[in-house]
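The structure appears below as structure tokens.
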Amino acid sequence: MSLRSRLVAALVVLVVLAQSAFVAATYIAYSRSRYQLLDNELRSSVSVVSAYLDAAAGISSPGGPPPGPRFGPPMRDGPNGNERLEVPSATFPPGSYAELIDPGGAVVAQGSYESGTSRPSLPTGVAAAGPQTRLLTVGSTQGSTHFRLIVATSADGYTTVLATPTTQVTDSLDHLLVIEAIAIAALVAVVSAGTWLVMRRGLRPLERMAATAGQISAGDFRLRVDPGNSASEVGELGAALNSMLDGIESAFAEREATEIRLRQFLADASHELRTPLTSIQGFAELFRLNGEQARVDLPTILRRIEQESARMKMLVESLLLLARLDQKPAVDMRLTDLSVLAADACTDAVAVDPSRPVSLDAPQPVEVLGDPAHLRQALSNLVSNALRHTPAGTPIDVSCTLQGDFAVVSVRDRGQGLDPEALLHVFDRFWQGDKARAGSGSGLGLSIVAAIAGEHGGKAEASNAPGGGSVFTITLPRAGSKMAQGSLSGSPGAQG
């Protein structure tokens, strides 16, 4: 069964059970009230009937019974054979019966209202000794009619029996059952139809969601479900599903982008490694082919092989470092002064190119929690990048300052700056597409800078400086800040 069918069936069953309980309670209460009313009528009429039965039997006072309402047609089968008696009495339903029993148990007077043919089947010994009144329910001598009777015994030993058929009560109760059965059937029909329509309307958004989910499972991750009313549970489900689909689409897009970057990385790494290997192979073949008549002497060949081997070693070490940084290993966090590392990087730059003007602005200690070796390499890469990609003699300005809770190290050159594409990809691995800059490299130096900055909870940025040139900036949480404490607690090898 569908969810809609199950909900409708469950609601109909609950309605039927509730209505059945209501019908049972109503039937019992109504039945008790009708039988109580019948008993009250018998109690109020037995004294009148007893007086006129006494008169019919000839045991009443000479004055006769007092006037009152008639007990239907005259009572028959009186004490004088077939003599018809005119006996006034109370009003009773058709078929009511009365009789008078003397102390010896003989019936001395009897009669029925409107010539009832069915009489009550009185139990043996219905007359009891002593003045008392009893109410009984008995069957009939013919048919299935039941009678409600009252037995009243007077002080002189005469017993009056007054019986009234319960037909009117049972007919009214049966009529009540028919009415309630029809009402239940009508209510069930209305509830079933109404519930079906309400469920169909309420579950329609779920059906649309299921259809959309089927299309999404086929591979179209751009589709989204219609949440409808966001205040309802179905609307909340649709909104949550759309949010989940957004996350899934982003995850797939990120995975695809990662795969593309990985393929590009492998291609670039293969290309960068192939270049020195090709040079090594070429020099080795050159020496083997020429032998003693080689036009290039052996020391030159060995020097070139050594240079290309060193280049390949540096590239491999950079790749290994990036791989370790990607795995986010536990690092030895120590209190490190960036101004000292910046001064060392400037000294190395002057040693490499003494003609290059290099300035350092570090007015105070700038302490951070980090790995000194990694931070040293990051700053050295930034300065080396400025040396490699700017013309000879171009000044380089290095600054190391505190800005709030952050330590900021910036390296500015006076070159031609970065074009928009370079600003987007300058920290990508093996990216060397900036034609406005001079020099060459492996394309991994700035990638290592960005990875080290991320390792320490910071970031690396590149921008064009006002007045020309470019600025590369590393921003790290300073020692003692909340961000630095979070970075420290998140590093198993951290120490103060």
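The values are calculated or read from the model by the stated rules, or taken from the named source; none is laboratory data. This one's a predicted model, so the numbers in the text were calculated from it and none came from an experiment. We place every Cβ from the backbone using ideal geometry, glycine too, and count neighbours over all the protein chains shown.
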Could you tell me which of the residues Met199, Met209, Met244 is exposed (fewer than 12 other Cβ atoms within 10 Å of the Cβ) and either in contact (Cβ under 8 Å) with a residue 40 or more places away in the chain or not charged (D, E, K, R) (or both)? Met244
Only listed residue being outside the structural domain of Ala18 (by TED's automatic domain parsing), in contact with a Lys or Arg (Cβ under 7 Å, 6 or more places away or on another chain), in a helix (DSSP H, G or I) and closer than 28 Å to Leu14 by Cα, chosen from Leu197, Leu203: Leu203
Test Thr159 against the criterion of being at pLDDT 80 or above and in the same structural domain as Asn40 (by TED's automatic domain parsing), and give yes or no. yes
Among the residues of the range 1-27, which ones are surrounded by 11 or more Cβ atoms within 10 Å (Cβ to Cβ) and free of Cβ contacts under 8 Å to residues at least 24 places away in the same chain? Ser5, Arg6, Ala9, Ala10, Val13, Leu14, Ala18, Phe22, Ala24
Considering residues of the range 97-117 that are among the β-branched types (Val, Ile, Thr) and modelled with pLDDT of 80 or more only, the residue farthest from Arg148 (Cα to Cα): Val108
Residue satisfying condition, being part of a helix (DSSP H, G or I), in contact with a strand residue (DSSP E or B) (Cβ under 6 Å, 6 or more places away or on another chain), of a type outside the set (Asp, Glu) and farther than 18 Å from His175 by Cα, within set Ser50, Ser44, Ser5: Ser50
Taking the options Ser359, Ser410, Ser339, name whichever one is surrounded by fewer than 16 Cβ atoms within 10 Å (Cβ to Cβ) and either of a type outside the set (S, T, N, Q) or not in a loop (DSSP other than H, G, I, E, B) (or both). Ser359
Given (1) exposed (fewer than 12 other Cβ atoms within 10 Å of the Cβ); (2) within 20 Å of Glu99 (Cα to Cα), identify the lone condition not met by His175. (2)
Criterion first (small (Gly, Ala, Ser) and either in contact with a strand residue (DSSP E or B) (Cβ under 6 Å, 6 or more places away or on another chain) or in a strand (DSSP E or B) (or both)) does Ser380 satisfy it? no
